[in-house]
Amino acid sequence: MRKTNLFYLLVFCSLVACQPKQSEHYPSGIEHVIVIGVDGMSPDGIRNATTPVMDGMIAGGTVKRKVRTVLTTSSSQNWASMIMGAGPEQHGIINNDWERDDHTLPPVVAGEEGIFPSIFGILRQQRPNAEIGAVYHWKGFGRLFEKKAVNYDKNFSTEDLTATDFIQYIKTKKPTFGFVHFDHVDHAGHHDGHGTASYYAAVAKADSLIGEVLKGIKAVGIEESTLVIITADHGGLGKGHGGATPEEAEITMILHGKDIKKGYEIQQQVYTYDLAATIAFALKLTPPYAWIGRPIKAAFTGFEEPANLWKGKEIIASPVIFPPKNMNQQAGGLYINKPATVKMSATADGSTIHYTVNGDIPDRNSPVYKEPFTIDSTSVVQAKAFDAQGNESMTTAAYFRMLRTGMGNGLNVSYFRGKGWKQLPSFEKLTPVKKWNSYEFTVDESQINPLLEKDNTTFGLVYEGYLQIDAPGEYRFFTQSDDGSKLYINNTIVVKNDGSHGLTEKAGNISLDAGRHKIKVEFFNDIGGFWLDVFYKGPGISKQLVPANKLFTNLR
């Protein structure tokens with residue numbers, strides 16, 4: 001090597017490469033981290049319920065309103081992801097059936113207890129003398145963290161007992177890290193439905209419990225050195241969750257207290273698995289390489305948003321088409337012997353609504369909505385909001401079905417009682433308890449609930465009739481069901497959506513000639529809430545609910 005080259009190499013080494021690596025810059029003075037997890041609490045719940053405590057925390061702290069969960073949107077994999085700093089692909093917890101000694105996907109790396117490393121275990125490893133505790137309402141949370149890592153581990157049957165014990169733990173032990181889990185909001189979502197008065201009341205109750213925890217922190221004198229984080233595992237849609245919709249897959253995260261910016265809204269994208277990395281950052285811990293989560297540094301005083309932040313276009317709030325979607329029930333409706341009036345409302349400030357009535361996705365060249373209008377034939381109305389900055393919303397769809405009586409429309413429905421079903425039974429071997437006619441594939445709670453046995457919500461429905469096809473070609477059918485369903489055309493199974501699950505959509509294709517074709521849908525409910533919708537699309541037909549005017553009880 002020439003001497004001049006060696007000289008420049010030595011200079012470079014002395015200035016850059018060979019210098020000791022600068023230590024990580026951390027927030028200062030955070031001695032305690034308290035995480036308050038509320039199962040099933042959606043951004044809609046915080047927005048519409050009475051939540052003075054969380055509102056105050058947002059005003060005096062930092063918030064990210066659209067934190068993306070992992071899929072599926074069920075509790076085990078999302079709570080695991082939050083405390084493990086990684087997703088199901090890494091930690092292997094893929095559903096609520098997961099158990100330490102019964103699972104199909106091993107973690108990519110495991111500790112002595114055979115599970116992926118969590119913030120509990122990492123804190124214990126790096127601070128052996130730290131006080132660590134978890135108090136949880138949902139028993140299943142307790143199987144997700146390293147038992148040997150915690151000093152305190154309690155499970156209670158109600159949210160009030162959970163809060164009381166956790167507050168006493170804070171007062172007694174002043175934990176370095178404490179995690180409390182409340183489950184009653186999720187219970188309300190399953191029992192009464194997300195977006196209902198009962199659901200909002202449950203969120204309000206959670207807010208009051210959060211307030212009591214904050215009082216406990218203050219009473220013991222650690223308020224000035226404590227970071228408090230409010231989070232959730234998923235939202236919900238109708239009476240369930242588990243699907244891939246914004247209502248289910250977005251939650252709100254609030255950070256408040258020591259070293260947190262006041263009145264700040266996080267700009268960077270945030271995922272549920274960023275929680276563990278953020279706790280590690282606050283407590284100056286080194287996260288394991290296997291974690292994929294990143295700390296939400298911009299929430300802390302003295303830290304900026306990532307320099308490489310790419311925000312792209314903002315997705316603004318979607319417009320509402322009246323009658324609006326109600327839980328799982330689609331917007332629009334069935335109109336018998338009368339036209340429908342279509343009314344829309346913009347949700348995003350300063351936005352303009354463009355719409356179509358033929359099922360096409362609206363763009364800026366589509367008609368502008370100015371006032372209500374009338375339609376008198378079955379139509380798929382689609383609406384989208386656009387603003388002056390070039391941002392746009394997701395599309396809102398409404399299905400208006402028009403029916404004239406006396407044309408032989410409808411379906412024959414058979415109701416069956418069941419017990420312990422996890423799959424669709426062989427209905428041909430069972431005797432129906434009741435039969436009726438329905439214009440569409442619907443499951444009406446007011447009709448079903450009086451038929452249910454006490455403490456048993458398992459039942460089945462079979463819909464049979466004929467579908468009118470006007471244009472020959474390839475058709476795609478969809479069932480959205482909670483729980484399982486199957487769809488048959490001309491005795492051939494087209495859609496398999498069986499099993500015990502939350503609202504899930506499955507699809508299948510079939511070629512059909514013009515004319516009427518036998519259609520049958522089998523459906524069952526295991527436990528809890530239930531729902532069924534049947535869609536189709538084909539030549540000249542955009543995806544839509546199979547309309548009542550195309551369904552008949554007889555072949556001719």
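The values are calculated or read from the model by the stated rules, or taken from the named source; none is laboratory data. Just so it is clear, the structure is predicted and the values come from calculations on it, not from any experiment. When we count neighbours, we look across all protein chains shown, and the Cβ atoms used for this are built from the backbone with ideal geometry, even at glycine.
When the criteria are applied in full, ASP186 fails the requirement of being at pLDDT below 95, touching a helix residue (DSSP H, G or I) at 6+ places or on another chain (Cβ under 9 Å) and crowded, with 17+ Cβ neighbours inside 10 Å.
TYR335: over 30 Å from HIS191 (Cα atoms), at pLDDT 95 or above and among the aromatic types (Phe, Trp, Tyr), yes or no?
For TYR335, the condition - over 30 Å from HIS191 (Cα atoms), at pLDDT 95 or above and among the aromatic types (Phe, Trp, Tyr) - is not met.
Could you check the range 281-300 and list, in sequence order, the residues that are surrounded by fewer than 17 Cβ atoms within 10 Å (Cβ to Cβ) and either small (Gly, Ala, Ser) or not assigned by TED's automatic domain parsing to the domain that holds ILE254 (or both)? Correct list: ALA290 only. For the range 388-407, residues that are closer than 24 Å to LEU334 by Cα, within 24 Å of the chain's Cα centre (by Cα) and of a type in the set (Gly, Ala, Ser) total 2. Within the range 24-53, being of a type in the set (S, T, N, Q), within 20 Å of the chain's Cα centre (by Cα) and buried (at least 22 other Cβ atoms within 10 Å of the Cβ) holds for one residue alone: SER42. Taken residue by residue, the range 507-523 has no member that is within 24 Å of the chain's Cα centre (by Cα), part of a loop (DSSP other than H, G, I, E, B) and under 18 Å from LEU545 (Cβ atoms).
Results for (1) of a type in the set (Ser, Thr, Tyr); (2) outside the structural domain of SER426 (by TED's automatic domain parsing); (3) surrounded by fewer than 18 Cβ atoms within 10 Å (Cβ to Cβ); (4) free of Cβ contacts under 8 Å to residues at least 12 places away in the same chain, shown as yes or no for each residue.
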| residue | (1), (2), (3), (4) |
| --- | --- |
| ASN456 | no, no, yes, no |
| GLY460 | no, no, no, no |
| LEU467 | no, no, no, no |
| SER485 | yes, no, no, no |
| GLU505 | no, no, yes, no |
| ASP513 | no, no, yes, no |
| TRP531 | no, no, no, no |
| LEU545 | no, no, no, no |
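Counting only strands (runs of 3 or more DSSP E) that sit completely within the range 309-400, zero hold 2 or more residues that are among the hydroxyl-bearing types (Ser, Thr, Tyr) and in contact with a Gly (Cβ under 6 Å, 6 or more places away or on another chain).
For the range 417-444, taking the residues that are surrounded by 11 or more Cβ atoms within 10 Å (Cβ to Cβ) and free of Cβ contacts under 8 Å to residues at least 60 places away in the same chain, the one that is nearest to THR479 (Cα to Cα) is identified as SER438. Kindly establish whether ALA249 is buried (at least 21 other Cβ atoms within 10 Å of the Cβ), at pLDDT 95 or above and over 21 Å from the mean Cα position of the chain (by Cα). No; evaluated as a whole, the condition is false for this residue.
Scanning the range 425-472 for residues that are farther than 17 Å from ASP533 by Cβ and of a type in the set (A, V, I, L, M) yields a count of 6. Only one residue in THR341, THR286, THR272 is of a type in the set (Ser, Thr, Tyr), farther than 24 Å from HIS234 by Cα and out of contact with any Pro (no Cβ under 6 Å at 6 or more places or on another chain). Which one? Going through THR341, THR286, THR272 in turn, just one is of a type in the set (Ser, Thr, Tyr), farther than 24 Å from HIS234 by Cα and out of contact with any Pro (no Cβ under 6 Å at 6 or more places or on another chain): THR286.
Of note, ILE229 satisfies the criterion of being within 17 Å of TYR26 (Cβ to Cβ), in contact (Cβ under 8 Å) with a residue 40 or more places away in the chain and part of a strand (DSSP E or B). When restricted to residues that are at pLDDT below 95 and closer than 22 Å to LEU275 by Cα, the range 97-121 contains 1.
Please determine, by comparing only the residues of the range 310-340 that are loosely packed, with under 12 Cβ neighbours inside 10 Å and not polar (S, T, N, Q), which one is farthest from VAL443 (Cα to Cα). Give the derivation first.
The initial filter retains those residues of the range 310-340 that are loosely packed, with under 12 Cβ neighbours inside 10 Å, namely 310-313, 337-338.
Add one more test, that the residue is not polar (S, T, N, Q), and what stays is 310-313, 338.
Details: TRP310: 44, LYS311: 41, GLY312: 41, LYS313: 39, LYS338: 23 Å.
So, considering only residues that are loosely packed, with under 12 Cβ neighbours inside 10 Å and not polar (S, T, N, Q), the one farthest from VAL443 (Cα to Cα) is TRP310.
Suppose the filter is out of contact with any strand residue (DSSP E or B) (no Cβ under 9 Å at 6 or more places or on another chain), surrounded by fewer than 23 Cβ atoms within 10 Å (Cβ to Cβ), at pLDDT 95 or above and not in a strand (DSSP E or B); does LYS205 pass it? So LYS205 fails the test.
Test ILE230 against the stated conditions and say whether it is of a type in the set (A, V, I, L, M), modelled with pLDDT of 95 or more and crowded, with 21+ Cβ neighbours inside 10 Å.
yes
A count restricted to the range 109-142 and to residues that are out of contact with any His (no Cβ under 8 Å at 6 or more places or on another chain) and over 13 Å from HIS181 (Cα atoms) stands at 22.
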